[in-house]
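The values are calculated or read from the model by the stated rules, or taken from the named source; none is laboratory data. Being a predicted model, the structure only gives us computed values, none of them experimental. Methodologically, a virtual Cβ is constructed for each residue, glycine included, from the backbone with ideal geometry; neighbour enumeration extends over all protein chains shown. Side chains included, ligands, DNA and RNA excluded: accessible areas come from the protein's heavy atoms. Shrake-Rupley method; radii C 1.70, N 1.55, O 1.52, S 1.80 Å.
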Amino acid sequence: MPAIGRALRALLGSWLVLDFFGESRRSGQRSGGSSLTSTIFGQSFLALVLAALLVDERIGVTAYTAANLSLSTILAGLGAAASPTRADRRAANRLLLATAPLPRAVLPMARGLHGTLQLAMITIGIALPPAILSRHTVGGSWAGVPLYLSLAVVCAAVLAGMLDVVVRLVGRLAGPLQAGLAAGLLRALLLGGAFVGFALGIPHLDETVDALPGGPTAAWLWPPYHAARLMNGHLDGLAILLGVGLVLAAFAALLGEPEANAARRHPPRSGPFVWLTRALAPSGPLRGCTEYTGTMLYRSASFRARVLPLAGLPMAMVLLAFGQPDPREQLMLLGVVLQFPAIYTPFLAAFLPFTERAGARELFGTAPDFDLHTARVAATLAVSVRIHLPILVAGCAAALALGFEPLPVLGLLGSSWALATVAVRIGLRTLQDPPFTAAKETTPAIDHGGLMAGAVVLAGLGGVLAATFARWPWLGLAGLGAAGVAVWGLSRLASDAAGRARETRPA
C-alpha cells in the first residue's frame, strides 16, 4: 500500500504540474502560469459579471442558480472534454509508463483521480464568484457556497462524461480521426446552443420553467437544473445527477480508452471543394502543399479542437436570425452571420502553422522549388476553398430551405466568399512557417484590437450587402459575379506562385 500511495502521488503531481505550468516550463521559465491558468481567470471574471447582473429579487433561487451553474458547466465541461493535448498525453504516458514497475491498480486510479482533481480545480476557479454571490439567494448563509461548488463540479463532470462517451463510441465505430472531428463538432454545437440558450432564456428567469426555450422537457434534460433544484431543497435532483453519473461511468468503462494512434486506411478525399482546389493549384510543389494543408485542416486534432468550436457562435446567430419576425431583419442578420468565416481568419492564421507531429517540417525542407511564398499561397487556397466555402454553402442552403428568397441568398453567398478570400490573403501574409509543421510551445498572440476592428467592418459590409440585395434582389447576380472574380483571383495567385517557383529554380 505505501508503494501504491507513493506512485499515485508522483503521477498526480507530475500530471497536474504539466496541466497548469507545462508551457512555462517548456519555454524555460520557472515562474508564471500557462494559457490554462489565464483562461480560468478570464472565465471566472465572465462568471462574476453574469452572477452580478442576475442578482435580482424577482429571480428565484432555482432560476438564479441554474443560470450561473449553466455557465460554469459549459465552460468547464467543454474544456475537460476532447482536449487537444489529451491524445498526445496518452501516447507519452504509454511510452513512459509501459516499462515502469507499477502495480496494476495504480494507472486506473491515477487517471481517475487526475481527471477528477483537474476538473474540480478548473470548475471551482470558474464557479467561485457566483458561489459567493449566490449566498444572497440562499438565505444569507455561507453553508450554500461549498454546496454550490460541489454541484458545479458534478454538473461539469456529467457534461464532460456525456461528451467523452459519445467521442469514445465514434472512435470505436469509425476510428480516431472521426472521433476527433466529432469532438470538435460537439463542442461547436454546445457552444452555439449555450449562446442561444442564454439569449432566449435569461429574459424568462423571473417566470416559470414553462416559459423557457424547450419548456420543462429541456430543463429536465439539463443537469444544472437538477442541481439548482437541490440547492432549493428538492433532494430528487441529487438522485438524478448521481444516477446519470453512474450510467456514464458504466458506458465509459465498457467502451474503454480510445486508441490514440490506431492504424486505419483513409480513402483520398473527393468532392467539389477538393476538385476546385486541385483545379486552382497547378501541378508541382504548390499542389502538393495545398493537398497537404487541405487534408490536415480536417485531420489535425489540435486545429479542430481550437478552431472548430468557433463555428458554434455563427450557428447560434443563424438560429436567432430565423426567429426574427421581419424578413428584412432576417436577411440583414444572415448577411452579418455570413461574415463570420472572414472574421475568424486571424484565429485560423494563428493556429495554422502548428502540428502535433515532430518532423513534419522535413516534408518541405527537402522539397525542390518550394519556398515560404508557396506555403502562403497553398494555405490561402486550402482555407478559402475547404474551410470558408463549405461553411458558407451550408449556411445558405439552410437559409434557402427555411424560405429565404434565392437571389439575395445567392448574392450573399458569392459576395461573402469573395470578402473571405480577401481576408485570408491578408491574414496569411505574415505566415512564418509552412502549415502544420511548427512545434507548438506557447499560445500564439492575437491582435484582439485589430480583430475587433475587422469584425466591425466586415459585419457592417455584410449588413449593407444584405440590405442592398433585399431592396434590389436582381443585384444578387452581382454577388455571384464577385464569387467568379474571387475564383479568378485565386487562380492568378496560384499561377503567379508557380511561375515564381520556376523562375527561382537553380540552373
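Please verify whether Ala91 is of a type in the set (Gly, Ala, Ser) and either modelled with pLDDT of 80 or more or closer than 23 Å to Ala249 by Cβ (or both), treating the condition exactly as stated.
Against the criterion (of a type in the set (Gly, Ala, Ser) and either modelled with pLDDT of 80 or more or closer than 23 Å to Ala249 by Cβ (or both)), Ala91 does not qualify.
What are the residue pairs meeting all of these: first residue in the stretch 112-123, first residue within 16 Å of Leu18 (Cβ to Cβ), second residue open to solvent by less than 40 Å² (accessible area, probe 1.4 Å) and of a type in the set (Val, Ile, Thr), Cβ atoms under 9 Å, and 6 or more apart or on different chains?
Sorted first by the residue in the stretch 112-123, then by its partner, the pairs are Leu119/Val153; Met121/Ile40; Ile122/Ile40.
Test Ser14 against the criterion of being open to solvent by 60 Å² or more (accessible area, probe 1.4 Å), modelled with pLDDT under 75 and among the hydroxyl-bearing types (Ser, Thr, Tyr), and give yes or no.
No, not satisfied.
Any residue that is open to solvent by 20 Å² or more (accessible area, probe 1.4 Å), out of contact with any strand residue (DSSP E or B) (no Cβ under 7 Å at 6 or more places or on another chain) and within 23 Å of Ala281 (Cβ to Cβ) - is there at least one of those in the stretch 373-380?
So far as the stretch 373-380 goes, yes, one or more of its residues are open to solvent by 20 Å² or more (accessible area, probe 1.4 Å), out of contact with any strand residue (DSSP E or B) (no Cβ under 7 Å at 6 or more places or on another chain) and within 23 Å of Ala281 (Cβ to Cβ).
Kindly indicate the residue of the stretch 108-152 that is of a type in the set (A, V, I, L, M) and at pLDDT below 75 and also most open to solvent (accessible area, probe 1.4 Å) among those meeting that condition.
Ala143
Which count do you get for residues in the stretch 273-287 that are in a helix (DSSP H, G or I) and open to solvent by less than 40 Å² (accessible area, probe 1.4 Å)?
5
Let me confirm something: among Thr374, Thr355, Thr380, which residue is at pLDDT 75 or above and within 20 Å of the chain's Cα centre (by Cα)?
Matching residue, one of Thr374, Thr355, Thr380: Thr355.
Give just the number: which of (1) modelled with pLDDT under 70; (2) in a helix (DSSP H, G or I); (3) crowded, with 19+ Cβ neighbours inside 10 Å does Gly77 not satisfy?
(1)
Across the stretch 211-249, which residue is nearest to Gly193 (Cα to Cα) among those that are of a type in the set (Gly, Ala, Ser) and surrounded by fewer than 14 Cβ atoms within 10 Å (Cβ to Cβ)?
Checking each candidate, the answer is Gly215.
Determine, yes or no, whether Leu177 is more than 19 Å from Ile74 (Cβ to Cβ) and at pLDDT 80 or above.
Here the answer is no, as Leu177 does not meet what is asked.
Any chance the stretch 321-334 includes a residue that's open to solvent by less than 40 Å² (accessible area, probe 1.4 Å), part of a loop (DSSP other than H, G, I, E, B) and either hydrophobic (A, V, I, L, M, F, W, C) or modelled with pLDDT of 80 or more (or both)?
No: the stretch 321-334 contains no residue that is open to solvent by less than 40 Å² (accessible area, probe 1.4 Å), part of a loop (DSSP other than H, G, I, E, B) and either hydrophobic (A, V, I, L, M, F, W, C) or modelled with pLDDT of 80 or more (or both).
Of the conditions (1) open to solvent by 60 Å² or more (accessible area, probe 1.4 Å); (2) assigned to a helix (DSSP H, G or I); (3) at pLDDT below 85, Arg425 clears all except one; give me its number.
(3)
Give the stretch 382-422 a look and list any residue that's more than 25 Å from Leu352 (Cβ to Cβ), of a type in the set (A, V, I, L, M, F, W, C) and open to solvent by 30 Å² or more (accessible area, probe 1.4 Å), or say none.
Answer for the stretch 382-422, where residues must be more than 25 Å from Leu352 (Cβ to Cβ), of a type in the set (A, V, I, L, M, F, W, C) and open to solvent by 30 Å² or more (accessible area, probe 1.4 Å): Ala397, Ala398, Leu400, Ala401, Leu402, Leu407, Leu410.
Scan the stretch 386-396 and give yes if some residue there is among the small types (Gly, Ala, Ser) and within 21 Å of the chain's Cα centre (by Cα), otherwise no.
Looking for residues that are among the small types (Gly, Ala, Ser) and within 21 Å of the chain's Cα centre (by Cα), one finds at least one in the stretch 386-396, hence yes.
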